[in-house]
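Notes for the one structure printed next.
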């Protein structure tokens with residue numbers, strides 16, 4: 001996964017540093033593990049998906065460490081697909097194959 005994500009970010013011109021959580025000296029599970037990872041990386045924002053995480057993620061644990069929680073509000077753009085009607089919510093790979101990286 002990391003290799004593919006790194007390559008896609010390169011195609012899209014997205015720069016950043018990728019860190020394997022397994023290389024960090026952090027413990028915990030669920031929200032506590034996420035908070036500990038953010039704390040170890042001196043993060044001040046945690047970007048979360050908009051699905052069920054709004055139900056099971058304990059935002060107050062992040063706030064205790066001074067970390068803001070932002071819930072993703074992604075709106076799928078409509079783009080040309082080669083075959084049939086537009087199918088939303090596919091991966092970025094579908095977009096790249098249909099539109100190219102320069103879009």
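Descriptive notes on the structure:
- Label zone at residue 89 (point 7 Å along Cα-to-Cβ), backbone N below 15 Å, the stretch 33-60: 49-53
- Applying 1/(1 + (r/R0)^6) with r as the Cβ-Cβ distance of residue 65 and residue 6 and R0 = 30 angstrom yields a FRET efficiency of 0.60.
- Distance in nm between pseudo-label sites at residue 25 and residue 39 (7 Å out along the Cβ direction from Cα): 1.4 nm
- Length released on extending from residue 75 to residue 97, taking residue separation times 0.36 nm less the Cα-Cα span: 6.0 nm
- Within the chain, helix-based [θ] at 222 nm, where runs of 4 or more DSSP H residues each add -39,500 (n - 2.57), nearest 500: -10500 deg cm²/dmol
- Option label - Rg/Rh (Cα atoms, Kirkwood Rh) computed here, alternatives [x] 1.04; [y] 1.21; [z] 1.01: [x]
No lab work stands behind these numbers, since they all come straight from the coordinates. It should be emphasised that the depicted structure is a prediction, and the values quoted were computed from it without experimental measurement. Note that each Cβ is placed from the backbone with ideal geometry, even for glycine, and that neighbours are counted across all protein chains shown.
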